[in-house]
Amino acid sequence: MVRTVTLELRGKAVTGAVASGLRLRPCHLPTFNRLVLTVLLGLLALILCGFGPPTLLDRDAAPRHRLTVGQLSQIRRARTPPTETSAHSVLVYDVDGERILMSKAIDLSISPASLAKLMTALLVLEDDRLSEQVEVLGEDLVGGAAMGIRGGEVLLVEELLWGLLVASGNDAAMALARHHSGNVEAFVQRMNTRAEDLNLQGTHYANPNGFDAQGQESNASDLLVLVRRLWQYPLFRQIVGTSEMTVASHDLQSTNQLLGSFPGANGVKTGTTLQSGQSLILGVEQDGLQVFAVILGSADRYRDARTVLAAVQKSYNSVALRMPPRPTALDRVFDSSGRRWTLRPDGDAQSPDQPGAAASDYVMMAQWERQDLQVFRRVRPPPNEIWSAGMEAGVLEWRHGEDVIAWQRLVVR
């Protein structure tokens with residue numbers, strides 16, 4: 001028997017034939033519940049599209065993902081300093097990844113102010129006469145920021161280097177320059193020769209302390225090259241990362257106010273003159289990853305540095321190079337007898353470019369780059385196909401796109 005049933009759906013009458021005995025039960029899905037379900041499904045889709053841990057693979061190449069229009073827009077915003085930044089020039093550099101994260105007018109010429117003392121420090125460190133004594137002369141005692149040394153006082157070169165970089169002492173700069181080259185003019189020539197050697201095409205020096213002078217100029221790109229060179233010296237890193245120190249009875253206070261107040265700040269140097277405004281090169285280390293922020297020609301360098309680095313941290317995060325926690329078919333091997341063995345990484349991640357050098361356990365990566373991070377296993381079976389516990393089974397390759405960024409030994413457990 002067939003009966004005609006009329007249903008009212010959202011105010012509309014729908015008529016249809018229904019077999020006898022079959023009952024229709026209304027299904028109510030409120031608008032709010034549908035909205036919640038949609039949001040949850042969207043979040044799940046994001047997680048499954050590259051924001052979770054990388055998947056262990058066993059082939060030579062992983063498919064590259066295309067960037068969406070939204071991601072391209074996000075990239076443009078991430079690479080540009082926030083509009084409220086007052087600095088004329090901005091550069092944020094990822095040392096481990098060897099790439100610029102954010103930039104603005106990085107080749108703009110500007111008076112370097114006391115950032116010129118970085119070249120003074122480089123020449124002194126390269127000269128490597130840190131234990132020699134220097135007698136301070138009256139001509140060394142110029143104005144501005146000072147270490148507080150006095151004429152006739154005798155200090156070591158290393159002690160003057162502390163005064164140069166912590167207190168930004170103009171007096172220490174003059175004494176070091178005179179001792180290094182015999183006179184200040186000859187030292188300035190050495191500064192410019194070294195700038196040419198380092199291919200600092202936008203840099204020229206007129207004095208060793210950074211006073212505004214005709215022809216004294218530099219830019220963010222060149223200053224980054226200089227800081228990276230100096231960062232190779234452990235003594236330099238120690239000095240510029242010190243907020244206060246007493247050297248040869250002189251109490252030194254760092255001009256870098258972000259030391260001890262900004263998370264991970266570990267250097268480097270400030271500079272201020274009427275012509276250049278406020279400048280700062282700030283080093284920050286988090287999760288073993290080093291970043292340099294160059295802020296030039298600012299009205300408020302510390303506010304600009306915080307603003308710029310906050311914007312960088314919104315776009316880039318440190319990603320741990322660790323095996324995915326979930327088991328896969330590729331974390332095990334079988335020997336010729338059919339016994340199953342588990343594969344596990346052993347030891348620290350290694351650098352692919354420097355044999356024997358440990359790589360960082362983390363890599364700085366943007367959200368849109370995470371989808372191209374993959375882990376590949378390279379298994380090397382023993383000749384007899386018999387595995388044993390502790391045996392080296394091959395390597396894990398951590399790849400970002402086509403580039404191998406780290407690798408680990410793979411052992412049998």
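The values are calculated or read from the model by the stated rules, or taken from the named source; none is laboratory data. Just so we're clear, the structure is a prediction, and the values are computed from it rather than from any experiment. Here the Cβ is made from the backbone with ideal geometry for all residues, glycine too, and neighbour counts use every protein chain on show.
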Q: Please enumerate the residues belonging to region 122-164 that are touching a strand residue (DSSP E or B) at 6+ places or on another chain (Cβ under 9 Å), in contact (Cβ under 8 Å) with a residue 40 or more places away in the chain and under 18 Å from Ala186 (Cβ atoms).
A: Glu132, Val134
Q | Conditions (1) surrounded by fewer than 20 Cβ atoms within 10 Å (Cβ to Cβ); (2) assigned to a strand (DSSP E or B); number of the one not met by Tyr302 | A | (2)
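How many of the residues making up region 133-145 are under 32 Å from the mean Cα position of the chain (by Cα) and surrounded by fewer than 18 Cβ atoms within 10 Å (Cβ to Cβ)?
Here is the first cut: in region 133-145, the residues under 32 Å from the mean Cα position of the chain (by Cα) are 145.
In the following step, the residues that additionally are surrounded by fewer than 18 Cβ atoms within 10 Å (Cβ to Cβ) were identified as none.
Qualifying residue count, region 133-145: 0.
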Q. Does Asp127 meet the test of being modelled with pLDDT of 95 or more, farther than 26 Å from Gly277 by Cβ and surrounded by 15 or more Cβ atoms within 10 Å (Cβ to Cβ)?
A. yes
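Specify which of the listed residues (Asn209, Asn199, Asn256) is surrounded by fewer than 15 Cβ atoms within 10 Å (Cβ to Cβ) and either without any contact (Cβ under 8 Å) to a residue 60 or more places away in the chain or not small (Gly, Ala, Ser) (or both). Lay out the reasoning, then the answer.
Working: Asn209 fails: surrounded by fewer than 15 Cβ atoms within 10 Å (Cβ to Cβ); Asn256 fails: surrounded by fewer than 15 Cβ atoms within 10 Å (Cβ to Cβ).
Answer to the selection: Asn199.
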Q: Given the conditions (1) out of contact with any Ser or Thr (no Cβ under 9 Å at 6 or more places or on another chain); (2) within 21 Å of Ser89 (Cα to Cα), report the number of the one that Pro263 does not fulfil.
A: (2)
Q) Name the pairs whose Cβ atoms lie under 9 Å apart, with the first residue in region 333-355 and closer than 19 Å to Val411 by Cβ, the second surrounded by fewer than 17 Cβ atoms within 10 Å (Cβ to Cβ) and among the hydroxyl-bearing types (Ser, Thr, Tyr), and 6 or more positions between them or separate chains? A) Val333/Thr342; Asp335/Ser388; Trp341/Ser388
Q: May I ask you to list the residues in region 288-299 that are at positive phi and either of a type in the set (D, E, K, R) or assigned to a strand (DSSP E or B) (or both)?
A: Gly297
Q: May I ask you to list the residues in region 241-253 that are of a type in the set (A, V, I, L, M) and surrounded by fewer than 18 Cβ atoms within 10 Å (Cβ to Cβ)?
A: Met245, Ala248
Q) Do the conditions hold for Thr255, that is, is it assigned to a loop (DSSP other than H, G, I, E, B) and of a type in the set (S, T, N, Q)? A) yes
Q) If you go through region 259-287 one residue at a time, how many are part of a loop (DSSP other than H, G, I, E, B), touching a helix residue (DSSP H, G or I) at 6+ places or on another chain (Cβ under 9 Å) and closer than 20 Å to Gly163 by Cβ? A) 1
Q: Collect the residues in region 154-195 that are among the aromatic types (Phe, Trp, Tyr) and within 32 Å of the chain's Cα centre (by Cα), keeping them in residue-number order.
A: Trp162
